[in-house]
Every structure is written in C-alpha cells, then in structure tokens.
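Enquirer: Can you keep this structure in mind? I'll have questions shortly.
The values are calculated or read from the model by the stated rules, or taken from the named source; none is laboratory data. Just so you know, these numbers come straight off a predicted model, no measurement behind them. Here the Cβ positions follow ideal geometry from the backbone for every residue, glycine too, while neighbour counts run over all protein chains shown.
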Amino acid sequence: MMDFINFHLMPGVILGSIYALGAIGISLTFGILRFANFAHGETMTLGAYFAFTLVQLTGWHPLAVLPLAMILTAVVALGVDRVFYKPFRAAPAIMVVIASFGMMLMIRSVIQFSWGVQLKSLVPGIQRPYILFDALRVSPKHMLIVGSALGLMLAVHLLLSRTKIGKAMRAMSDSPELARLSGIDTEMVIRATWVVGASLAAAAGVFLAIDTHVETMMGFKLLLPVFAAAILGGIGRPYGAMAGGLIIGIAEELSSYAWLGDGPLLAPGYKAGVAFSLMIAMLIWRPSGLFRGKVF
Amino acid sequence: MDQAYGIFLYVVSLLTMGGIYAILALGLNIQFGFTGLFNAGIAGFFAVGAYVSAILTTAPSARHLGGYELPVAVGLVAAMVVTGAIGWLVGRICIRLRADYLAIATIGIAETLRLILKNETWATNGARGVSEVPKPFEHLPEPWNQVGLMLLVLSIVAVLYVLLERARTAPWGRVMSAIRENELAARAAGKNVEKFRIQAFVTGCAVMGLAGGLTAHYLKFIDPNAAEPLTATFLVFVMLIIGGSGNNKGAILGAILMWTVWSATEIATSRLLPDEWAIRSAYVRVFLIGLVLQIVLQRFPGGILPERRLRVAKGGKSGP
C-alpha cells in the first residue's frame, strides 16, 4: 500500500501538476486564438533553459529565478506571435497550425544551438526524501513543485475571475464575435493569453527540470500529455485543463502499478501511450471534454 | 574520372532518396493538398511501412520476427495494406473533427507506433533495428544495382503521378477540393464528407507506407529512428508547401529540390567545418528550413507551382 502511494500516486500528482500548468496554456490559446499550438512544448523547454542560465549566473535556487524565466519566456512568445502568427489572424486555422509546427522546430534548433544537447541538471546533488510516519516518503523538491504549481493555479483562477482582462479572456474564449462587438480589444486579450500561457509553460518546464533534468527534447515529450490534458478537460476551459493534467499524470504513473498479479499492468516503456489512449477515448465519446469545452 | 564517377553515384543516391521523398510528398498531397487533412504523423506511417516490408522479406533471424523471405513486391504491397488499415482506424476516430485534432491525434499515433517499434523487441529487435533487408537489384554489378533501384523508385513516382493526376481531375478529386474549400456546401450537395475524407486519408497513408518500405530496402536497414518527426514528418511538409500544396508536380519538385538542399548542405557543412561546428550547423540547417517555410507560408502560400484550378469543361469559363 505504501509502495502504491510512494512510487505511483505521489509521482503521478507531481507529474500531473506539471502537465496541468502546461495544459492551461494550450487550452487558452486553443480557445482564444483557435489553433493547436505545436510550439507549446518548446516554450516549456525554453523556460527551463532560461532558468538554467539564470541559475548559472546567479547561483540562486531555481524557484528564485523562476519569475524572471517566466517573463523572458513570455517576451519570446509575444515576439513569436507578432512575427509568425499575427499575419494569419484572418487566414484559415490550418495555416497558423503549420506555422506553429515550424516554430516548434525553429525554437528547438535555437535551443540546441545555444545550449547544446547534453543533459544538464538544474539542482545539483541528490536530495534525501523525508520519511514521515515511518513510511511516507516526501522529498522537499516535490513539495516545492506541487506547492508552487498550486500557487500558480490559484493565481490563474484569481486572474480569470477577478480581473477585467481575465474576464475578457473568458469572454473571447466563449465567443470571439460577441467579445469584439462588446468592445473588447481582441489584440490585447491575445497578448494577455500569450503572457499567461507562456509563463505557465516556463514554470512547467522549470518544475520538470527540478524533478528530472534539463534536456532539449523535454518539451516535445510533454506536448502529447499536455494536449491530452487540454482535450480531456475541454478546450478553452482552464479549470478543465488543471483537472485533465492531474488525471493524465496520475493515470500514467498508475498504469505501471501491479494491479493484477505481480508484474506492472502496463510495461513502463508504454507510459507515454496512456495519455494518447485517454485522449483518443475522449475524442470518441466526448470530444467536448469533462468540462464541456469547445469542439471545432 | 574517379571524381566524375563519384558525382554520378551521388546523383543516383540523391535521386533515389529524393524519389522516395517525392512519394511521401505525393501521399501527403492527397491528404493535405487535395483534402486539407493535417497529418502530423507521417513518420509513424512511414516507419510501419518500412518495418512491415523489412520483416516480411528478410531471411530468418533470431533477433526479430521474420524469416518469411517473401519477394520485395509482396513486402511493399503488405506495407501499403497495413499502413492503410492503421490510417483507416485513425480516420474513423478523428476525421469528423477539425484539422487541429487530426494533427494532434496523428502526432500521437506516430509516437505510439515508435514506442511499439522500440519496446516490442521480439518482433522488431528494439532500438537495434532490422538489418540485412534485401535490396532489389543488389546482385547486379556496381553501379547498375544503384541505378536499377533508382529507376524502380522513379518509375513508382511516375506511376503514382499519373494515377493521382487522374484522380485529381476526376469527379473524386473535385469532391475533395470542394470539401476542403467549403465543407458545408459539399455536404449540402449530398456528398458523404466523412467517407471521402477517410478515402483520401487511407490512400495517403498507404502511399507513405510504400515510401517506408522502399526506404527499408534501399538502406537495407531500419530502426525506430525512422519515426523521427524531424526528417520524416517536418521535411515532407516543407517539401509539399514549398513545391506547391495541391499540385502533384509541385510535390515532386519540392521533394527533389528540398532533398538536394538538405543533403548537399549536410555534406558541405561536414566537409568544410570543424567537427564541433558541423554538429551545431545541423541545428542552423533546421532553423533555416523552418524560416524558409514561414516565409513561403506568409508571402507565397501557393509555393513554387501553385495549385491549378480545374477549368469548367466547356464555355471557356474558369470555375473556382
């Protein structure tokens, strides 16, 4: 039982909170700009590398440089939107999907060129987990990850529910035409969407890097589970994305638990397939997602 | 003389691999160019085709499934059938949703297929791949073995081109572009949009499987890296869009052109630059190709050979 909690449920919650942060950005851009942003995974990688360089420069803890890494990533996202996505605002969505597909490889090649492809670690050394009640293993970095992720999700909730720009974002996600008619500055809302999406993506990348390491393909590996989480929660539904992220993360980790007999239910090599299967199941039975999001 | 012979062999290999890419681009053109279906998982279909044909035609080996030693032609047909069947399954699930969902689902299927190829070592020998795949004409003397394979690939390109041009101008192709341009109108005209889309998707996937099979026989070797999205999926999209999406000639031209650029710059950078820069220049190459794609998308969305609209049969009016 403790094995189940220590080695399956807890890692699932940690992975799930990382997915949730990434999925909020995907879901918002999909809902507001109306396209599947394939470069979102690379945005997460970029955030992690910014944090890596900042940690190298300052010697501070990754969490201390996180805000700056988030800002830098958001600035890059705004620039990318201005140069590569804005010309396609009135064009069919497929054009901007291809543009983002190209962006994915361009950002990755810039990262590979500037930082090289070797694994790097953000926090050097190994931390011993605390053992609580003689059995529960909790490592400090995991508590930091889950705590900060919850904090960021709360911040998103306050932004969307209490501020004017947050309400405008939700309005535009529900109906862009109606939002425009009621005098909402749509370009302003789009910029806000990129800032929120990219900074949360940067945070997700940094948290994953704290948990594992910094690597040029880390974002691409996150892309599919994050898409799955956004679809599971319902496109354009940030709360759905949070729930979807947690569900996908936990499901991936629980899939290798010995539910039947002694061996893992699913070979750990197939963990990455779990997100995909859940996504396909959702697309078949309920494409609008758990939180009744949009279907295009 | 030796140098001229070397260049001759290089051109032969360029045209062989360029021809295989032309087949991939033609396959994508059926899906994306004709019908507007965004398949972001070309690499997966390509890899499955390669493995199916490789496993069916190789001699027995303790390391992977096989030992059937079937003729290469049978392997290639089986590659098309299997990839077509997978395409049908994916199509059944995702085709009614908008292009973005299909893109996400296909990138997912490609990753899942790669996981299977990597993990099912009993069948695929895992990361070490399948080797000693028979190569057509390999018993002919040098350079005729290479030339023979090149002619085989190029004649497949030619046959596909003729068939696809025929399909494009036939009522079938006109329904496809009608669906792409205005789905609602096509539906209102009584066309079964899902059925036509699935047909286009399955045909395209089968053609990609054929390209995969040919690659396995050409390289005599296949491993899960064949499902690498960069060289398989992304490059094919760039080829089709630069050549001219919706135009079969454009697909072939884009494939040969971009493959020449891709392979020539690789040779140039690895010969001319010191090692550490040669590795880095690979990333510059990807970046520049991405940039070219963005410029073409924004400034010349039609590509080099834009799609030619079909003329209305008589009366000289050109129809949309």
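Enquirer: Can you work out which of the residues in the stretch A:7-34 that are buried (at least 24 other Cβ atoms within 10 Å of the Cβ) and among the aromatic types (Phe, Trp, Tyr) is farthest from the chain's Cα centre (by Cα)?
Expert: Within the stretch A:7-34, the match that is farthest from the chain's Cα centre (by Cα) is A:30.
Enquirer: Name the residue that is surrounded by the fewest Cβ atoms within 10 Å (Cβ to Cβ), counting only residues in the stretch B:285-307 that are touching a Gly at 6+ places or on another chain (Cβ under 7 Å) and at the interface with chain A (Cβ under 9 Å from one of its Cβ atoms).
Expert: B:294
Enquirer: I'd like to know if the stretch B:31-45 contains one or more residues that are under 13 Å from the mean Cα position of the chain (by Cα), assigned to a loop (DSSP other than H, G, I, E, B) and not polar (S, T, N, Q).
Expert: Within the stretch B:31-45 (the criterion being under 13 Å from the mean Cα position of the chain (by Cα), assigned to a loop (DSSP other than H, G, I, E, B) and not polar (S, T, N, Q)), the answer is yes, since at least one residue qualifies.
Enquirer: Can you find a residue that is touching a strand residue (DSSP E or B) at 6+ places or on another chain (Cβ under 8 Å), among the small types (Gly, Ala, Ser), within 14 Å of chain B (Cβ to nearest Cβ) and within 27 Å of residue A:74 (Cα to Cα) anywhere in the stretch A:222-245?
Expert: Looking through the stretch A:222-245, at least one residue is touching a strand residue (DSSP E or B) at 6+ places or on another chain (Cβ under 8 Å), among the small types (Gly, Ala, Ser), within 14 Å of chain B (Cβ to nearest Cβ) and within 27 Å of residue A:74 (Cα to Cα).
Enquirer: Restricting the stretch A:73-85 to residues that are of a type outside the set (Val, Ile, Thr) and in contact (Cβ under 8 Å) with a residue 24 or more places away in the chain, which is nearest to residue A:96 (Cα to Cα)?
Expert: So the residue we want is A:85.
Enquirer: Test of understanding: among A:47, A:22, which residue is in contact with a Leu (Cβ under 7 Å, 6 or more places away or on another chain), touching a residue at least 40 places away in the same chain (Cβ under 8 Å) and under 25 Å from residue A:248 (Cα atoms)?
Expert: Going through A:47, A:22 in turn, the sole match is A:22.
Enquirer: Let me ask something else about it. So residue A:37 passes all but one of these: (1) in contact with a Gly (Cβ under 9 Å, 6 or more places away or on another chain); (2) surrounded by fewer than 18 Cβ atoms within 10 Å (Cβ to Cβ). Which condition number does it fail?
Expert: Of everything listed in (1) in contact with a Gly (Cβ under 9 Å, 6 or more places away or on another chain); (2) surrounded by fewer than 18 Cβ atoms within 10 Å (Cβ to Cβ), residue A:37 misses just condition (2).
Enquirer: Related question: When residue B:244 is evaluated against the numbered criteria (1) more than 13 Å from chain A (Cβ to nearest Cβ); (2) at pLDDT 85 or above; (3) at negative phi, which criterion, by number, is the only one it fails?
Expert: Result: residue B:244 passes all but (3).
Enquirer: Output the number of the condition that residue B:59 fails; it satisfies all remaining conditions of (1) surrounded by fewer than 21 Cβ atoms within 10 Å (Cβ to Cβ); (2) more than 30 Å from residue B:123 (Cα to Cα); (3) not polar (S, T, N, Q).
Expert: Every listed condition holds for residue B:59 apart from (2).
Enquirer: So residue A:210 clears everything in (1) out of contact with any Lys or Arg (no Cβ under 6 Å at 6 or more places or on another chain); (2) under 19 Å from residue A:226 (Cα atoms); (3) modelled with pLDDT under 90 except one condition, right? Which one?
Expert: Exception for residue A:210: condition (1).
Enquirer: Let me ask you something else. Cβ contacts < 6 Å: first residue under 16 Å from residue B:135 (Cα atoms), restricted to the stretch B:69-88; second residue surrounded by fewer than 20 Cβ atoms within 10 Å (Cβ to Cβ) and not polar (S, T, N, Q), any location; separation 6+ or different chain. Result?
Expert: What qualifies is B:69/B:59; B:72/B:136.
Enquirer: Condition first: at pLDDT 80 or above and within 14 Å of another protein chain (Cβ to nearest Cβ). Can you find one or more residues in the stretch B:73-88 that meet it?
Expert: yes
Enquirer: For residues in the stretch A:60-117 being more than 8 Å from chain B (Cβ to nearest Cβ), of a type in the set (Gly, Ala, Ser) and part of a helix (DSSP H, G or I), which is surrounded by the most Cβ atoms within 10 Å (Cβ to Cβ)?
Expert: Checking each candidate, the answer is A:77.
Enquirer: Now for a separate question. Would you tally the residues in the stretch A:64-93 being under 17 Å from the mean Cα position of the chain (by Cα) and of a type in the set (A, V, I, L, M, F, W, C)?
Expert: Final tally of qualifying residues: 8.
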